[in-house]
């Protein structure tokens with residue numbers, strides 16, 4: 001089965017990158033702008049949700065399983081989400 005990962009609201013990333021460049025406001029973007037990623041299957045059904053919890057200094061993410069998956073599918077999706085988070089962290 002093939003899954004896709006998309007941001008729930010792409011404007012969050014744009015606003016986060018814009019406000020993070022402002023010296024004092026940039027400190028608060030981690031608390032205000034929290035990205036949410038949705039993992040959906042080929043029929044468009046959301047099977048997992050990854051969201052950043054609001055925090056000033058740390059980056060804590062929560063993964064919620066929305067639909068039943070077998071262990072192999074679940075492992076593949078979790079590895080994909082970890083790769084996504086590592087790439088996003090390197091990007092800034």
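The values are calculated or read from the model by the stated rules, or taken from the named source; none is laboratory data. Model, not experiment: these values are computed from the prediction. When we count neighbours, we look across all protein chains shown, and the Cβ atoms used for this are built from the backbone with ideal geometry, even at glycine.
Tabulated results
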item: Condition met for residue 48 (at pLDDT 90 or above and in contact with a helix residue (DSSP H, G or I) (Cβ under 6 Å, 6 or more places away or on another chain)); result: yes
item: Count of residues meeting criterion [assigned to a helix (DSSP H, G or I), closer than 17 Å to residue 36 by Cβ and touching a strand residue (DSSP E or B) at 6+ places or on another chain (Cβ under 9 Å)] in segment 46-87; result: 6
item: Restricting segment 23-40 to residues that are farther than 21 Å from residue 86 by Cβ and in contact with a helix residue (DSSP H, G or I) (Cβ under 9 Å, 6 or more places away or on another chain), the residue that is modelled with the highest pLDDT; result: 32
item: Test: residue in segment 2-13 that is assigned to a helix (DSSP H, G or I), surrounded by fewer than 16 Cβ atoms within 10 Å (Cβ to Cβ) and either out of contact with any strand residue (DSSP E or B) (no Cβ under 6 Å at 6 or more places or on another chain) or modelled with pLDDT under 85 (or both); result: yes
item: Among (1) farther than 20 Å from residue 87 by Cβ; (2) surrounded by 11 or more Cβ atoms within 10 Å (Cβ to Cβ); (3) modelled with pLDDT of 80 or more - the single one residue 55 does not satisfy; result: (3)
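Results for (1) more than 16 Å from residue 2 (Cβ to Cβ); (2) surrounded by 11 or more Cβ atoms within 10 Å (Cβ to Cβ), shown as yes or no for each residue.
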site: 15; (1), (2): yes, yes
site: 21; (1), (2): yes, no
site: 30; (1), (2): yes, yes
site: 34; (1), (2): yes, yes
site: 47; (1), (2): no, yes
